[in-house]
Amino acid sequence: MRWFWVDRFTEFVSGSHAYGIKNVTLDEAVVDEYQPGYPMLPPTLVIEGMAQLGGILVSEHFAFEKRCVLAKVGKALFHRPALPGDQLVYRVTMESVHETGATVTSTSHIGDARHAEIDLMFAFLEEGRFTDGPLFGPGDLEAMLRLMHFFHVAVDASGNPIPKYPNL
């Protein structure tokens, strides 16, 4: 994955929820260029940030053994734009998990104000279908999780630190 739309995990409980933050900055070209004269974080990238958080929540539930991809955005409601200087607080909650996929609900807040509400569905790719092999190179997913402080806050349902899974 080349771009992260989550800056840092702030809380992660396996099988339950994940919280993170995204700082909106003018030095990101996409913020300045999306709508010339009115810099803002594109709503699609807010969805992508929540999908990254939710995808990690779902993938960790399966010890990162399944190839998890965003399958559908069920609902996306935005209450205001995300402007330079805003800090988005993402909250993603696991709603249901099946052998073929999972659903999560997510919200984004700017300060005390609700910014967005998004429902996401994830699917698991079968081996040999659409792509062969892992979605990340060896060690790439672990490096990404370390950059976002995942291992600093991630715990299982009993409060024990998440282990380093062999598939990372």
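When you scan segment 101-124, do you find a residue that is without any contact (Cβ under 8 Å) to a residue 60 or more places away in the chain, of a type in the set (A, V, I, L, M, F, W, C) and not in a strand (DSSP E or B), even just one?
Looking through segment 101-124, none of the residues is without any contact (Cβ under 8 Å) to a residue 60 or more places away in the chain, of a type in the set (A, V, I, L, M, F, W, C) and not in a strand (DSSP E or B).
Tell me which residues, restricted to segment 122-139, are surrounded by fewer than 17 Cβ atoms within 10 Å (Cβ to Cβ) and either under 29 Å from L83 (Cα atoms) or within 16 Å of the chain's Cα centre (by Cα) (or both).
Selection gives L135, F136.
Here's the yes/no breakdown for (1) assigned to a loop (DSSP other than H, G, I, E, B); (2) under 20 Å from K164 (Cα atoms):
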position: E11; (1), (2): no, yes
position: G15; (1), (2): yes, yes
position: I21; (1), (2): no, no
position: L26; (1), (2): yes, no
position: P39; (1), (2): yes, no
position: I47; (1), (2): no, no
position: Q52; (1), (2): no, yes
position: A71; (1), (2): no, no
position: G85; (1), (2): yes, no
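Looking only at residues in segment 85-102 that are more than 15 Å from the chain's Cα centre (by Cα) and under 24 Å from E28 (Cα atoms), which one is surrounded by the most Cβ atoms within 10 Å (Cβ to Cβ)?
Among them, the one singled out is D86.
From the list V24, V58, which one is modelled with pLDDT of 95 or more, surrounded by 13 or more Cβ atoms within 10 Å (Cβ to Cβ), on the phi < 0 side of the Ramachandran plot and more than 15 Å from the chain's Cα centre (by Cα)? Before the answer, list the steps.
Values: V58 fails: more than 15 Å from the chain's Cα centre (by Cα).
Matching residue, one of V24, V58: V24.
When the residues of segment 61-84 are filtered to those that are charged (D, E, K, R) and over 14 Å from E99 (Cβ atoms), which remaining residue is farthest from the chain's Cα centre (by Cα)?
R80
Give the residue that is farthest from I118 (Cα to Cα), with candidates limited to residues of segment 27-55 that are surrounded by fewer than 22 Cβ atoms within 10 Å (Cβ to Cβ) and polar (S, T, N, Q).
Applying the filter and picking the extreme gives Q35.
The values are calculated or read from the model by the stated rules, or taken from the named source; none is laboratory data. Everything numeric in this text was worked out from a predicted model, so none of it was measured. For neighbour counting, all protein chains shown are included, and Cβ atoms are generated from backbone atoms with ideal geometry for every residue, glycine included.
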